[in-house]
Amino acid sequence: MMLADTDVGSLITAAQSGARWGYSLLLLQILLVPILYVVQELTVRLGTATGRGHGALIRERYGPAWAWISYGGLVVAGIGAIVTEFSGIAGIGDLFGVPRLVSLGLPACLLLGLVFTGSYRRVEVVAIVVGLFELVFVGLAVAARPNLPEIVASFGHMPLGDGQFRVLIAANIGAVIMPWMIFYQQSAIVDKGLGWEHARRSRLDTLVGAVVSQCVMGAILVAAAATIGKAGQGSAKGLETVGDLAGAFTPALGPWLGQVVFGVGIIAAAFVALNVVALALAWGFGDVTGRPHSLEQSPREAPAFYGAFALAVAAGAVAVQLVPDLVALNIAVEVMNALLLPLALGLLILLATRALPEGQRVAGVYKGVVYAVSGITIAFAMVGVLDGVGLL
């Protein structure tokens with residue numbers, strides 16, 4: 001479910017990138033397509049070859065301590081993501097004068113009802129249908145009438161010497177490669193009952209998902225760059241509120257329609273990501289504890305799984321009341337994701353290169369590609385993280 005990769009935090013990070021730096025970070029969004037595919041292909045390989053979730057495989061291979069450490073990183077990233085999703089929904093509600101009790105309570109109840117009463121297939125279909133509304137951002141990018149020569153010229157203008165630019169590089173990497181996506185995709189493959197014979201089709205799905213998700217990320221960056229960024233309004237401080245974000249699209253579509261279309265896209269992104277992140281946390285908890293954890297089981301059969309899911313959703317809805325600055329929070333969460341990359345990718349690569357039998361494990365030239373891609377990605381992410389905390 002790669003559409004969840006374009007969650008509220010990711011979209012706001014992309015919009016902030018366009019608002020502050022024009023089209024300069026668009027090339028990064030393109031370069032992240034193969035990187036995202038490589039990372040998620042490893043989860044496809046592990047899930048179809050072993051029939052085990054990510055946390056369960058770590059526990060079996062490296063013991064419970066490493067499983068809990070990995071799950072701890074998932075919890076940190078997952079909680080941050082859930083809060084940002086609810087913050088996005090609440091921000092859209094505030095924009096249209098909807099009380100927080102309604103804007104937060106309604107999606108939480110709908111999500112709990114969907115998961116507690118449905119199979120994996122039903123949950124997936126609903127998520128895909130809702131997630132397709134995120135494609136409105138592609139239309140918004142076209143409506144913003146970006147300047148193609150300026151976009152091409154931006155590929156040769158990457159102010160890597162600027163610390164704030166490097167922070168946004170880290171944030172964009174963290175917005176695309178998230179620890180919870182690794183847990184989710186591997187567990188989803190297991191819950192669907194996919195085996196090694198389904199690996200090729202799953203890889204194709206992953207490739208299509210990577211391209212679509214980065215098209216959405218690139219689209220919102222382009223839309224923000226062509227409006228706020230072009231006007232020079234984002235150069236000094238960037239975006240600060242959901243209203244600023246919605247304002248990026250009003251020149252092209254008008255104040256009312258621009259806000260409505262933007263709101264639909266953000267709510268769709270938030271709902272899909274809430275579902276995925278909360279499921280990743282619940283599946284991960286079942287993996288490391290060995291308790292039943294499947295959407296094909298009822299709440300009575302897997303109480304810990306459904307309890308963890310409900311706790312994650314409820315805690316996020318309550319916590320968002322304490323968040324004053326949506327944009328700053330989202331950027332911080334994505335930078336935190338970047339900080340967690342060495343742990344998440346390190347364990348993923350170890351499993352993919354050592355925990356599988358010959359013929360299924362990563363080897364040869366592809367192994368070199370995986371190491372090179374992961375190493376370069378982590379290096380750029382860490383530089384941005386160090387900039388963010390003032391150590392560079």
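Somewhere in region 380-392, is a residue assigned to a helix (DSSP H, G or I), farther than 23 Å from THR48 by Cα and of a type in the set (Val, Ile, Thr)?
Looking for residues that are assigned to a helix (DSSP H, G or I), farther than 23 Å from THR48 by Cα and of a type in the set (Val, Ile, Thr), one finds at least one in region 380-392, hence yes.
Can you tell me which residue among GLY88, GLY93, GLY131, GLY118 is buried (at least 21 other Cβ atoms within 10 Å of the Cβ) and at pLDDT below 80?
After ruling out the rest, the residue left standing is GLY131.
Would you be able to tell me the number of residues in region 16-36 that are assigned to a helix (DSSP H, G or I), touching a helix residue (DSSP H, G or I) at 6+ places or on another chain (Cβ under 8 Å) and either free of Cβ contacts under 8 Å to residues at least 60 places away in the same chain or of a type outside the set (Val, Ile, Thr) (or both)?
Going through region 16-36 one residue at a time, the tally reaches 13.
Are there any pairs, at least 6 apart or on different chains, whose C-beta atoms fall under 6 Å, with the first in region 365-378 and among the aliphatic types (A, V, I, L, M) and the second part of a helix (DSSP H, G or I) and open to solvent by 40 Å² or more (accessible area, probe 1.4 Å), and if so, which?
From residues that are among the aliphatic types (A, V, I, L, M), the pairs are ILE378/PRO342.
Being crowded, with 17+ Cβ neighbours inside 10 Å, touching a residue at least 12 places away in the same chain (Cβ under 8 Å) and not in a helix (DSSP H, G or I) is the requirement here; does ARG45 meet it?
No; evaluated as a whole, the condition is false for this residue.
Kindly indicate whether VAL39 is under 26 Å from LEU194 (Cα atoms), crowded, with 24+ Cβ neighbours inside 10 Å, touching a residue at least 12 places away in the same chain (Cβ under 8 Å) and not small (Gly, Ala, Ser).
The answer is yes for VAL39.
When you scan region 134-209 for helices (runs of 4 or more DSSP H) that lie fully inside it, which ones turn up with 1 or more residues that are surrounded by fewer than 18 Cβ atoms within 10 Å (Cβ to Cβ) and of a type in the set (D, E, K, R)?
Passing ranges, in order: 148-154.
Does any residue in region 68-84 that is over 12 Å from ALA308 (Cβ atoms) come within less than 9 Å, Cβ to Cβ, of a residue that is of a type in the set (A, V, I, L, M, F, W, C) and outside any helix (DSSP H, G or I) six or more places away or on a different chain, and which pairs are these?
That search, which allows pairs on different chains as well, returns GLY73/LEU340; VAL76/LEU340; ALA77/MET178; ALA77/LEU340; ALA81/MET178; VAL83/VAL323; THR84/VAL323.
Do we find a residue being over 20 Å from GLY80 (Cβ atoms) and open to solvent by 20 Å² or more (accessible area, probe 1.4 Å) anywhere in region 11-21?
Yes: one or more hits.
The values are calculated or read from the model by the stated rules, or taken from the named source; none is laboratory data. Note that the structure is predicted; figures quoted are calculated from it, not measured. In this analysis, Cβ positions are derived from the backbone assuming ideal geometry, glycine residues included, and neighbour counts consider all displayed protein chains. All accessible areas refer to the heavy atoms of the entire protein, side chains included, with ligands and DNA or RNA removed. Shrake-Rupley method; radii C 1.70, N 1.55, O 1.52, S 1.80 Å.
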